[in-house]
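Scroll down for the structure; my scribbles are underneath it.
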Amino acid sequence: MNKAIKYSLSALVVIGIGVGGYYAFNGGADRSKTVTVGVVGTSDKDTKIWDTVKKEAKDKYNLTVKTKEFTDWNQPNKTVANGEIDANAFQTQDFLNQYNKANGNKLTSAGKTIITPLRLYSKKVNSVDEIKNGATVAISNDAANEARGLKLLQSAGLIKLDSGKSLAQVKDITSNPKNLKLKEVDGSQTARSLDSIDAAVVNGGFASSSKLSLKYSLFKEELNKDTEPYINVIAISKENKDKQEYKDLVKAYQTKSVKQQINKAYGQFEIPAWDL
């Protein structure tokens, strides 16, 4: 063989190995992604659920999932919108819609997680009918959950709302035959308020974290098409909606093992919602 040809072939082999090795390495790196998810007020139960999600993500998609805890509902959307974290999982679709309306429509839902049915609780009476004239009832003070709480009170027959209002407020009550006093508090305080007031509308997650017994429940939110806006979602930046790592995050959450962990941890307080 001509020496020049021999050396050229050798060079091509070396270059070919180099290029192949480069793409193999980069491909491996691309397949190993990390996403950070913002969560609010996690408990040991939540930690176990997210540990299951992390295992599913790593085992099935080579995706590393990290969680960052927040103490209130005001920060997680801001940190996703400005790129400090990749996603969050703490809010209903309705809450996300209200955030987007007020803040430039920057986020979107990547997928459904759970629904935490609202219940009306009391430690003072045993039924809705026993609630006294002038009783004080606590509801959450953020716009989305205030409207949801008022709708629950309407369903329980305690008040009537202006039917033209899609996002009801206390001022939109058109009938209040028992002259209830509505006390607006932070959602995390609704369960704790039961020791000092007559009744409270409490989200399932807060009821569970406060160890509030279902024996104090007077009325439960019905799960139907009207409650679909109250399904919790994984929220991400709109610019990331087509990226595979976020699709994989949702798939890792929406698994049989995660569903089993949610049911084990929360029972009736939190319900897997992606296949309702």
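Quick check: anything in segment 253-266 open to solvent by less than 20 Å² (accessible area, probe 1.4 Å) and polar (S, T, N, Q)? If you could, list the steps in order and put the result at the bottom.
The first filter runs over segment 253-266 and keeps only residues open to solvent by less than 20 Å² (accessible area, probe 1.4 Å), leaving 253, 255, 258, 262, 265-266.
Filter once more, so that each one left must be polar (S, T, N, Q): 255.
Yes, segment 253-266 has at least one match.
Being assigned to a strand (DSSP E or B), closer than 21 Å to E146 by Cα and either of a type in the set (K, R) or open to solvent by 70 Å² or more (accessible area, probe 1.4 Å) (or both), is that true of even one residue in segment 219-230?
yes
Answer with yes or no whether V201 is touching a residue at least 24 places away in the same chain (Cβ under 8 Å) and open to solvent by less than 40 Å² (accessible area, probe 1.4 Å). Write out each step before concluding.
Details: touching a residue at least 24 places away in the same chain (Cβ under 8 Å): yes; open to solvent by less than 40 Å² (accessible area, probe 1.4 Å): yes.
Yes; evaluated as a whole, the condition is true for this residue.
Going by the conditions given, is T52 modelled with pLDDT of 95 or more, in a strand (DSSP E or B) and open to solvent by less than 70 Å² (accessible area, probe 1.4 Å)? Explain how you work it out, then say what you get.
Values: modelled with pLDDT of 95 or more: yes; in a strand (DSSP E or B): no; open to solvent by less than 70 Å² (accessible area, probe 1.4 Å): yes.
No.
Give just the number: which of (1) assigned to a helix (DSSP H, G or I); (2) open to solvent by less than 80 Å² (accessible area, probe 1.4 Å); (3) under 19 Å from K124 (Cα atoms) does K215 not satisfy?
(2)
Output the residues belonging to segment 146-198 that are of a type outside the set (G, A, S), assigned to a strand (DSSP E or B), over 26 Å from L214 (Cβ atoms) and open to solvent by less than 80 Å² (accessible area, probe 1.4 Å).
Of all residues in segment 146-198, those of a type outside the set (G, A, S) come to 146, 148, 150-154, 158-162, 165, 167, 169-174, 176-186, 189-190, 192, 194-195, 197-198.
Applying the additional criterion that residues be assigned to a strand (DSSP E or B) yields 160-161, 173-174, 181-185.
If we keep only those that are over 26 Å from L214 (Cβ atoms) too, we end up with 160-161, 173-174.
Within segment 146-198, L161, I173 qualify.
Results for (1) under 19 Å from the mean Cα position of the chain (by Cα); (2) at pLDDT 95 or above; (3) part of a loop (DSSP other than H, G, I, E, B), shown as yes or no for each residue.
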site	(1), (2), (3)
N74	yes, no, yes
K78	yes, yes, no
F95	yes, no, no
N105	yes, no, yes
S109	yes, yes, no
I114	yes, yes, no
K123	no, yes, yes
N126	no, yes, yes
G134	no, yes, yes
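The values are calculated or read from the model by the stated rules, or taken from the named source; none is laboratory data. Keep in mind the model is a prediction, meaning the values are calculated, not measured. Don't worry about glycine lacking a Cβ; one is built from the backbone with ideal geometry, like all the others, and counts go over all protein chains shown. What goes into the accessible areas is simple: the full protein's heavy atoms, side chains included, and nothing from ligands, DNA or RNA. Shrake-Rupley method; radii C 1.70, N 1.55, O 1.52, S 1.80 Å.
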